[in-house]
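Throughout, read-outs are computed from the coordinates displayed, never taken from laboratory work. Owing to the predicted nature of the structure, the values given are computational and were not obtained by experimental measurement. Here Cβ is always computed from backbone atoms with ideal geometry, including for glycine, and neighbour counts include all displayed protein chains.
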Amino acid sequence: MLELAPSPPPPPTPSLRRDLPRNFDFSLLANCRTVRETKQVHALSLKTGAFDHPPTAAKLLALYAGPEINDLRYARSVFDQIPQPALPSWNVIIKCCVENRHSHDALCLFRELVRDFTPDGFTLPCVIKGCARLSAVEEGKQIHGLALKIGLGSDKFVESSLVSMYSKCGCIASARKVFDGMDDKDLVCWNALIDGYARCGEIEQALEVFNEMPERDAFSWTVLVDGLSKCGKVEAAREIFEKMPSRSLVSWNAMINGYMKSGNFNSARKLFEDMRMRDLITWNSMIAGYDLNGRFREALDMFNCLIKEGFTPNHATLVCALSSVSGLATLSMGSCIHSYMVKNEHPLDGVLGTSLIEMYSKCGSIESALAIFHSISKKKLGHWTAIIVGLGMHGMASPALQLFGEMRKAGIKPNAITFVGVINACNHAGLVDHGRHYFEMMEKEYGIEPTAEHYGCLVDLLCRAGRVKEAKYVINTMPMKPNKVMWMSLLSGSRIQGNQKVGEYAARHVIELAPETIGCYIVLSNIYAAAGKWDKVSQVREMMKKKGIRKEPGCSSIEHKGMLHEFLVGDKSHLQTEQIYSKLTEMRERLKLAGHVPDTSQVLLCIEEEEVKETELENHSERLAIAFGLINVNPGSPIRIMKNLRVCNDCHSVTKLLSCIYDREIIVRDNSRFHHFKSGLCSCNDFW
DNA sequence: TTAGGGTTAG
């Protein structure tokens, strides 16, 4: 008989469970309330070896991830140091990722988790919420399948999160199916369904479900208020808001947000002022709303008030504030926010890094934008795109294209916006063939279908180079209807080439699409004037008069000592007006000595006499801003100006001369790009 | 010894 060999004793499993060291008091953890306290106990746990005791590490993780501290970075670093985390610790870190908008990380963690564990009823709602945040409906469906497989298909927490996930992903029918199959319908799933109907604009259905509910609490009313205002029915939302039996802070916030998004700033402001208590979301809704609607100054005023009232801005606040700074080009305000971010250790490896790069390039400091870009170790697509767009705006095509090459080498796949940046960079430098090359690369190598914006770039690229016939061919053969911008490009291109026929053709289309476009009449009349067709010039003038079209007043601004100074054409409202106008006189004399002859060809046609035209040029808003800068900005510092319109030819040559005469760097942001004037030259090489 | 779903900003 064959004797079986006795099975060898199992190898000793290395025990992870260590006893708590005597010199560490576990109850310390129970008393931690702040990050500071938690960090102290954390340090002690590392020093005494208590961190190796799994309950200690788990508790530390829960503290960092919990609602009071909620610091994903610390939570993640603790989690990563736990050798074999138990399922609850996985659940904690996954939830923390989702709450902090790192749902992609949450899904990656989940994939790791299922290798060793069967997820439980705590895990699934968190990952399903993560899918909802990412609109990852396919992944959501897979997890739905998994839930059914492991017997969690009728867990009411899982079911509610599925209703919510399908609703948020626009699959309202699937949401309804899960809802209808639920045995135990509590308030949460009813609310999720109302939210779902409201989100897809099915207001009637949302109201029907609301009325069918066995009971309603404040939460359900808020869902409805938010849903209605998000569908643009802000007045209906207000009616519900007024009818609510009790209003929570969230309902006030939802109402304010609804008003702000619809541009009803007064009503929002009124509610904001009537509130007894405000939280950071209240402030963020106001700031985001102003920023979104181009009311940058009000957004920044709000931001300053928020700081004054002792609130701590978060990631969302900073993103909006930086965007408004970019809108106004107030560099010193932007630098202040940047310093604040550094001091408070806000990481730049996400959207904030992108916002900062964008802010510095839009405020004219491409050097700072580059410095931020290079300081980010894990560069993501957004960072690359922001710097490429920024360099393009500053006319720095070759570094932009070089970085684009580096980005591709690093294995980062450009998206449609990156290509807009790349082609635009070519536009501003006149690199026609490069631009075409990248336009083709987009579809061939990356399968990105060009949008109207890309075609617009291509048309602009060809037109600026005077290749009007090719541009016209593109317009006539592209798969979408040409828009106003493309026709305007073609019109400008025709002027460069002196092609009256194509010019008239393009102008006709602009007038058809947007008859209020002032630039169209001006360029057209310039084409006629250049050909000496004065009767046509007066016809255009008559047409403008009849349509009551007026020129948008030129406005230039300059920031000095934290204040924004704005100048309109011929403005005399500034406190330093007297000094500014005597500076203008001095500038005129020095320009004359330098041999400057005013180029009056672009002055609006209604002005007849040469002398009046010249005066009009001299009072252009950017000249007033330059005069202000020469008086007030420290010698040696660049003068930074922002203008709402395109810089005119005469101002362009004058600014070049002034940079030489006064030995000053002058940086001008116009409505499409930057000009760096230095030693008599401009970075755009007179190509803009 | 740790933990779950529904509303407000981004």
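Of all beta bridges that DSSP places with both ends in the stretch A:555-682, some 80 percent have antiparallel geometry. Note that the stretch A:502-514 has calculated 3J(HN,Hα) couplings of 5, x, 4, 4, 5, 4, 4, 5, 4, 4, 5, 7, 8 Hz, one per residue in order, obtained from phi through the Karplus relation 6.51 cos²θ - 1.76 cosθ + 1.60 (θ = phi - 60°); glycine and proline are x.
Across the stretch A:258-275, rounded Karplus estimates of 3J(HN,Hα) from the backbone phi angles (6.51 cos²θ - 1.76 cosθ + 1.60, θ = phi - 60°) give x, 5, 4, 5, 8, x, 8, 5, 5, 5, 4, 4, 4, 4, 4, 6, 7, 5 Hz, Gly and Pro being marked x. Here A:Ala514 and A:Arg646 are evaluated by their C-beta separation; at R0 = 22 Å the FRET efficiency comes out at 0.85.
Placing a label point 7 Å from the Cα of A:Glu443 along the Cα-to-Cβ direction, the residues of the stretch A:449-463 with a backbone N closer than 15 Å are A:449-459. Could you tell me how far the Cα centroid of the stretch A:50-74 sits from the Cα centroid of the stretch A:325-375, in Å? For the stretch A:325-375 versus the stretch A:50-74, the Cα centre distance is 32 Å.
Here's how it looks for A:Cys555: its modeled amide H is under 5 Å from those of A:Asn644, A:Leu645, which are all 5 or more places away or on a different chain. Taking the alpha-carbon centroid of each part, what is the distance from the stretch A:146-187 to the stretch A:527-569 in angstrom? Cα centroid to Cα centroid, the span is 60 Å. When each of the peptides A:361-369, A:183-191, A:531-539 is scored by the mean number of other C-beta atoms lying within 10 Å of its residues, the order from highest to lowest reads A:361-369, A:183-191, A:531-539. Restricting attention to the stretch A:244-330, which trypsin sites (Lys or Arg not before Pro) occupy a DSSP loop and are surrounded by at most 10 other Cβ atoms within 10 Å? The qualifying sites are A:Arg276. Phi-derived couplings, Karplus 6.51 cos²θ - 1.76 cosθ + 1.60 at θ = phi - 60°, listed residue by residue for the stretch A:24-32: 10, 9, 4, 5, 4, 5, 5, 9, 6 Hz, with x used for Gly and Pro. Between the stretch A:271-294 and the stretch A:393-457, what is the separation of their alpha carbon centroids in Å? With the stretch A:271-294 and the stretch A:393-457 each reduced to a Cα centre, they are spaced 38 Å. Taking a ≥ b ≥ c as the square roots of the eigenvalues of the Cα gyration tensor of the stretch A:555-682, is the shape rounded (a/c under 1.5), prolate (a/b larger than b/c) or oblate? Rounded shape, in that the Cα axes give a/c under 1.5. Projected label points at A:Leu292 and A:Ser332, each 7 Å from Cα along the beta carbon direction, are separated by 3.2 nanometres. Pairwise alpha-carbon distances in chain A exceed 44 Å for 39% of all pairs. Under the simplified labelling scheme, the A:Asn685-A:Asp433 pair shows an inter-label distance of 1.4 nm, with each label point 7 Å from Cα along Cα→Cβ.
May I ask you to derive the FRET efficiency for A:Asn264 and A:Ser398 from their Cβ-Cβ distance with R0 = 45 Å, giving the value to the nearest 0.05? Rounded to the nearest 0.05, the efficiency is 0.45. Annotation: extensible slack from A:Glu406 through A:Asn634 equals 78.2 nm (criterion: 0.36 nm per residue apart, minus Cα-Cα distance). Residues whose amide H lies under 5 Å from that of A:Phe674, counting only those 5 or more places away or on a different chain, are A:His394, A:Gly395; hydrogens are built 1.01 Å from N in the peptide plane. Between the helical axis of A:87-99 and the longest alpha-carbon principal axis of chain A there is an angle of about 20 degrees. Applying a threshold of 29 Å to the alpha-carbon distances of A:Lys308/A:Lys561; A:Lys47/A:Lys343; A:Lys343/A:Lys561; A:Lys59/A:Lys185; A:Lys261/A:Lys643; A:Lys308/A:Lys380 flags A:Lys59/A:Lys185; A:Lys308/A:Lys380 as lying beyond it.
For the stretch A:384-547, lysine pairs separated by 8 or more sequence positions, or belonging to different chains, with Cα-Cα distances below 20 Å total 16.
Which length gain, in nm to one decimal place, applies between A:Phe117 and A:Cys305 when the Cα-Cα distance is subtracted from 0.36 nm times their residue separation?
Length gained between A:Phe117 and A:Cys305: 62.8 nm.
Compute the FRET efficiency between A:Val188 and A:Lys243 as 1/(1 + (r/R0)^6), taking r as their Cβ-Cβ distance and R0 = 22 Å, and round to the nearest 0.05.
0.50
Taking label points 7 Å from Cα along the Cα-to-Cβ direction, A:Ser339 and A:Ala30 give a separation of 4.6 nm.
For chain A, the antiparallel share of DSSP beta bridges with both residues in that region comes to about 80%.
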